[in-house]
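Every read-out reported here was derived from the displayed coordinates using simple, explicitly stated rules and does not represent laboratory data. The structure presented is a predicted model; accordingly, all values stated were derived computationally and were not measured. Cβ placement follows ideal geometry from the backbone for every residue including glycine, while neighbour counts extend to all protein chains displayed.
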Number of protein chains: 2
Amino acid sequence: MLYPSKRIEDAVNQLASLPGIGRKTALRLALSLLKRDASRVKDFSEALMLMKENTCFCSRCHNISDTNLCLVCSAPSRDQSLICVVADFRDVIAIENTHSFYGLYHVLGGLISPMDGIGPSDLNIESLMERLRTEEYAEIIFALAPTPDGDTTNFFIYRKIKDYNIRISSLARGIAIGEDIEYTDQATLGKSLQNRILYESSLAAK
Amino acid sequence: MLYPSKRIEDAVNQLASLPGIGRKTALRLALSLLKRDASRVKDFSEALMLMKENTCFCSRCHNISDTNLCLVCSAPSRDQSLICVVADFRDVIAIENTHSFYGLYHVLGGLISPMDGIGPSDLNIESLMERLRTEEYAEIIFALAPTPDGDTTNFFIYRKIKDYNIRISSLARGIAIGEDIEYTDQATLGKSLQNRILYESSLAAK
């Protein structure tokens, strides 16, 4: 595509580098920014730069944070006896938005993946052990993806902590809300039969 | 939605202000920026700011430009006897990308729209007259949208220049390439019959 201005072309190239944004959409976004007041464009680009410069990782749970201790770790209202292990801080956002979990998190920063050369020492597993040794938890919840990498990571941590006096649980696997039985994959349907729950407890959960 | 960091929330709010970007997409874009090196995020946000700060309008044709005279006006290879009147510099980009026009442009900066309170004096019409008086053109092409506002603007300019020694043309109206006859609207189909072209000339255009 031809652009009347090198500056617009640069901006389009940058916007088109974002996931899911093609060059036509990037041009539309660039022109919509161009129509704004200079101060609003400044606010826009500063917000992106500030996000990158000023966010850090929580020193306790490795969640992304503006401060040394993240919002979850520093909230006294959170249940300090529950710890939920996730791969990525995006999983924290997803779980927080369910409003169903009021404990603490531990962000591993990835999953063990021999294919990608990611071993246990590349993840925040040692600091998880340190937390389990020094803090008092009643339950640890594995909230890792049901993939080979996720299962490997779950099992690696499980072997390290199975002798601790702590309840070890993982997210329920089953049919998604609103899903059709006939279109559910075999593995999931099989799991949901094995792990069937009492009908009365499914009523109570509503 | 809940965000672990005020900075991320700010960035998401800014990204979600772009057209067609919802909050979920904005979060995905923000996190993709967050994963990049700081220098790349800096380049990204600087490109947007530089675009806003350093683009100006061509002093001759009012197209968007990095310099006083835009790329089209300053190219000696362009046909200096053809002038194409468009409403917006985005139309220039669209026409340039057809690779079918090698003349000059004049960007009006909008269309006459009594409903929106936009009159002829709000547009770059006087500078178009000045160009037609001082420069030598063989043909002026109206490339304005086939809407009431576009037709009004066309007619307004036509009345001012109809006594000049210049060929006045407008974009062909007809059936779009690949369109079905049965789904073409009445007005367009009617126009395409009135303005039918010799079959041999349609062959030559291929």
Original post:
Shortest first and in nm to one decimal, what separations exist between B:Lys191 and its copies in the other chains, measuring from label points 7 Å along the Cα-to-beta-carbon line?
Top reply: 5.8
**OP:** Can you pull the one-decimal nm distance between simple spin-label points at B:Phe156 and B:Asp37, each 7 Å off the Cα toward Cβ?
**Re:** 5.2 nm
Original post:
Stokes-Einstein D for the range A:6-54 at 37 °C, 0.692 mPa s, Kirkwood Rh over Cα pairs, in µm²/s?
Top reply: 289 µm²/s
Subject >> Helical contribution to [θ] at 222 nm, DSSP H n ≥ 4, -39,500 (n - 2.57), averaged over chain A, rounded to 500 >> reply: -12500 deg cm²/dmol
Original post:
How many percent of DSSP beta bridges within the range A:77-171 run antiparallel, rounded to 5?
Top reply: 10 percent
Original post:
For the range A:23-126, what is the largest minus smallest coordinate of the Cα atoms on each principal axis, given in angstrom and ordered from greatest to least?
Top reply: 51, 40, 25
Original post:
If all Cα-Cα distances of the protein assembly as shown are sorted into 20 Å bins from 0 onward, what percent lands in each bin, rounded to whole numbers?
Top reply: 20, 38, 25, 17, 1
**OP:** Along Cα-to-Cβ, 7 Å out, sits the label point; list in nm, shortest first, how far the one on A:Thr134 is from those in the other copies.
**Re:** 7.6
Subject >> the range A:98-159: GluC sites (Glu not before Pro) falling in loop per DSSP and having at most 14 other Cβ within 10 Å >> reply: A:Glu135, A:Glu136
Subject >> Largest-first ellipsoid semi-axes for the range A:77-171, taking √(5λ) over the Cα gyration tensor eigenvalues, angstrom >> reply: 20, 16, 11
**OP:** Between A:Ala16 and A:Ile168, with labels modelled 7 Å along Cα→Cβ, what's the label distance in nm to one decimal, could you check?
**Re:** 5.0 nm
Subject >> Computed E for A:Ser59/A:Leu193 - FRET, C-beta separation, R0 45 angstrom, nearest 0.05 >> reply: 0.55
Subject >> Paramagnetic label zone (point 7 Å from Cα along Cα-to-C-beta, A:Gln80; backbone N under 12 Å) in the range A:117-138 >> reply: A:135-137
**OP:** Report the closest approach of any chain A C-beta to the axis of the A-to-B rotation: residue and distance, in whole angstrom.
**Re:** A:Ser45, 2
**OP:** Give A:Lys162/B:Lys24; A:Lys160/B:Lys6; A:Lys42/B:Lys24; A:Lys162/A:Lys191; A:Lys52/A:Lys162 a once-over and call out the pairs whose C-alpha atoms are over 28 Å from each other.
**Re:** A:Lys162/B:Lys24; A:Lys160/B:Lys6; A:Lys52/A:Lys162
**OP:** Find every distance from the label point of B:Tyr102 to the corresponding label point in the other copies (7 Å from Cα along Cα→Cβ) and write them in nm, one decimal, shortest first.
**Re:** 7.5
Original post:
What FRET efficiency, computed as 1/(1 + (r/R0)^6) with R0 = 30 Å and r the Cβ-Cβ distance, is obtained for B:Lys24 and A:Asp116, rounded to the nearest 0.05?
Top reply: 0.65
Subject >> Solvent-free Debye scattering, log10 I(q)/I(0), computed from the Cα coordinates of chain A at q = 0.10, 0.12, 0.18 Å⁻¹ >> reply: -0.65, -0.85, -1.25
